[in-house]
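Just so it is clear, none of the values below were taken in a lab; they were calculated from the coordinates. Computed from a predicted structure; not experimentally measured. Every residue, glycine among them, receives a Cβ derived from its backbone with ideal geometry; neighbour counts consider all protein chains shown.
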Amino acid sequence: MIQCSSACCGGATIITLKELDRFYKIFPITLGFRKLHPFNDFHKAYIEDFAIKYKSFYIIGDFIAGNRLRKRCRMLKEALCSLHNKNKPLQCSVVPFSVTFPENLQDIVIVERKKGAFRTCKGFDDNAPSVWNGEFTDPILKENFYELRQNLVFQRNIVERLFFKCENSPFFRKFITEEQGFFEIPIISDFIDEVCNIAQVDKFEFVKMQRSLFVKELTVGGVKNSLFIEALNVLDGVKN
């Protein structure tokens, strides 16, 4: 374990469908959608392989692992990542960089990161080792970055179908009218079979473990997570 995400890590991270088999017993899993505004034509061409195109918008769909109501990830122990030496999520291996921007535009990402929770990241210290200079200079970081991107390309079809399945939801319509915004849903019951087949996990084991995790994470600071209540209702309705 290393001093990982002591300042920037929230209650949830992002995983991909290809990683679901490793993490469905650890995190409650939902789906999240966010808008992405391309910086230029090169950026637009880069995201078209994995982004959802809706009207004039580009939407990124992610599997959200954890509880966004929590201040810290449930795998952090005294600011140390207990998954660090156990093949942690690819997303956690590339932050503060973002796979939604091409390698040569990561300086734009870093400018934005420094304004938020990442501003105290030790990676920004003057004496920190350099891992990017117009391109990634750390081979492991580079490998993780492109594997994560390829995973987003791989899951685009099912994520896109899940997104359009919610088109009549008032939360969907609210999300579309906002400049930025975030739209989060449970994995819809109609898709659980397909998700489990692709991820190569047993559906009944998946439902059992996810139900247990949603119950365990349901209440934070005395407040019940309405999304998790909805997720439990979905899981209770899954047929044998």
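Odds and ends about this structure:
- On the beta carbon distance between Glu205 and Asp126, with R0 = 51 Å, the FRET formula returns roughly 0.60.
- With helices as the sole contributors, the chain gives -12000 deg cm²/dmol at 222 nm; each DSSP H run of n ≥ 4 counts as -39500 (n - 2.57), and the sum is divided by every residue.
- Choice from Lys77, Lys35, Lys115 showing the highest fluctuation, given a GNM over the chain with Cα pairs closer than 10 Å: Lys115
- Cβ-Cβ FRET estimate between Asp49 and Phe171, R0 fixed at 30 Å, reported to 0.05: 0.65
- Here the range 91-140 is treated with +1 on each Lys and Arg Cβ and -1 on each Asp and Glu Cβ, and its dipole about the Cα centre works out to around 300 debye.
- Exposure rule at most 13 other beta-carbon atoms within 10 Å, DSSP loop GluC sites (Glu not before Pro): the chain longest free segment: 180-240
- Tensor-based shape of the range 157-240 (alpha-carbon gyration tensor, a/c under 1.5 rounded, otherwise prolate or oblate): oblate
- Contact order for the range 12-236, expressed relative to its length and based on alpha carbon pairs under 8 Å spaced 6+ residues apart, stands at 30 percent.
- Lys/Arg +1, Asp/Glu -1 at C-beta; the range 105-172 dipole; positive extreme among Leu141, Leu152, Phe171: Phe171
- Computed extension gain for Tyr146 through Ser56, at 0.36 nm per residue and net of the alpha carbon distance, reaches 29.8 nm.
- Sorted by Cβ density within 10 Å, fewest first, the residues Phe172, Phe23: Phe172, Phe23
- DSSP-loop trypsin sites (Lys or Arg not before Pro) across the range 151-240, with at most 15 other Cβ within 10 angstrom: Lys239
- Pairs from Lys53/Lys114; Lys53/Lys122; Lys55/Lys165 whose Cα-Cα separation, in the structure shown, is over 25 Å: Lys53/Lys114; Lys53/Lys122
- Nearest-ten-degree value, helix 226-236 long axis tilted from longest Cα axis of the chain: 50 degrees
- Within the shell of other residues whose beta carbon sits under 12 angstrom from the beta carbon of Gly11, the net charge comes to +4, with Lys and Arg scored +1 and Asp and Glu -1.
- Over the chain, equivalent-ellipsoid semi-axes from the Cα gyration tensor in Å: 28, 22, 17
- GNM result for the chain, Cα springs below 10 Å: residue of Ala45, Ala199, Ala12 fluctuating most strongly: Ala45
- Label separation (Ile108 vs Ile188): 3.1 nm, computed from points 7 Å beyond Cα along the C-beta direction.
- Most mobile of Asp41, Asp190, Asp62 in a GNM of the chain (Cα contacts under 10 Å): Asp41
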